[in-house]
Structure formats: C-alpha cells, structure tokens
Amino acid sequence: MGAKVSCVIYNDTKYHVKIDNYFGDQELEPGERQGIWLYETGNYYVNLIVTFPHGNESVELKNSEYKNRTHRISEYFRDKIDKYKAEERREAEERRKAKEKRKEEEK
C-alpha cells in the first residue's frame with residue numbers, strides 16, 4: 001500500500017470546491033481548509049472540482065503531489081480565475097457606462 005501521507009487543500013478563492021477522492025466527496029467553501037490522508041502509491045486519487053459561473057472545471061492531483069504540502073485552489077485554476085475576473089471587470093465597466101449614458105439622456 002505504501003506510506004500514508006497528508007496534504008491540505010486550501011480554497012483561497014470565492015468559488016465552491018468539491019474534493020473527490022478515493023474515500024468519498026467533501027465540500028470546501030471559500031476560505032476553508034481540509035486535511036487529507038492518502039497512500040502515496042496505489043490507486044488513490046484526489047480530484048479538485050471548482051464550480052465556476054459557466055460550469056465546473058477539475059484537476060487531478062497525482063500521488064507524488066500529496067506530501068506535506070498545502071495545495072491552493074488558486075494555483076491549480078489560475079487561468080480560469082483570471083478569465084472570470086477579467087469578465088467581471090468588463091461587465092462592471094459596461095454597467096457603469098450604461099448608467100452614465102442613462103444619466104446623460106435624462107438631462
């Protein structure tokens with residue numbers, strides 16, 4: 001079976017995360033941390049599934065990545081998070097411009 005190792009999953013994002021592993025699912029809300037014990041060899045896995053505004057994305061942690069490490073969700077999903085942040089900024093700017101336009105039209 002191999003040595004038993006631990007890691008911590010830290011949800012340092014504003015998104016909901018599901019930790020799917022060999023022993024079952026766990027929910028991880030923004031700001032929460034969860035410790036996980038697994039064996040470093042064998043058919044053990046950890047899937048991190050993030051619920052984004054337009055669907056879910058997942059990544060599988062390899063056995064060799066578990067050991068004594070804190071895994072930040074933002075590290076694994078940086079590109080997706082940056083994409084959604086850019087979309088949120090663009091949408092906020094569009095709302096701001098529309099509001100300004102309405103004010104101008106009211107004058």
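The values are calculated or read from the model by the stated rules, or taken from the named source; none is laboratory data. These numbers were taken from a predicted model, which means no experiment stands behind them. Counting neighbours? That spans all protein chains shown, and the Cβs are built from the backbone with ideal geometry, glycine included.
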Looking only at segment 1-32, how many residues end up being out of contact with any Phe, Trp or Tyr (no Cβ under 9 Å at 6 or more places or on another chain) and either in a loop (DSSP other than H, G, I, E, B) or over 14 Å from residue 59 (Cβ atoms) (or both)? 11
So residue 44 fits all but one of (1) modelled with pLDDT of 90 or more; (2) not in a strand (DSSP E or B); what number is the exception? (1)
Criterion (touching a Leu at 6+ places or on another chain (Cβ under 9 Å), at pLDDT below 85 and within 22 Å of residue 4 (Cα to Cα)) met by exactly one of 22, 39: 22
Of the criteria (1) acidic (Asp, Glu); (2) loosely packed, with under 14 Cβ neighbours inside 10 Å; (3) modelled with pLDDT of 90 or more, which one residue 57 fails: (2)
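In segment 63-105, which residues are basic (Lys, Arg), within 21 Å of residue 12 (Cβ to Cβ) and either touching a strand residue (DSSP E or B) at 6+ places or on another chain (Cβ under 7 Å) or loosely packed, with under 10 Cβ neighbours inside 10 Å (or both)? Working first, answer last.
The initial filter retains those residues of segment 63-105 that are basic (Lys, Arg), namely 67, 69, 72, 78, 80, 83, 85, 89-90, 95-97, 99, 101-103.
Next, from what is left, pick out any that are within 21 Å of residue 12 (Cβ to Cβ): 67, 69, 72, 78, 80, 83, 85, 89.
67, 69, 72, 80, listed by residue number.
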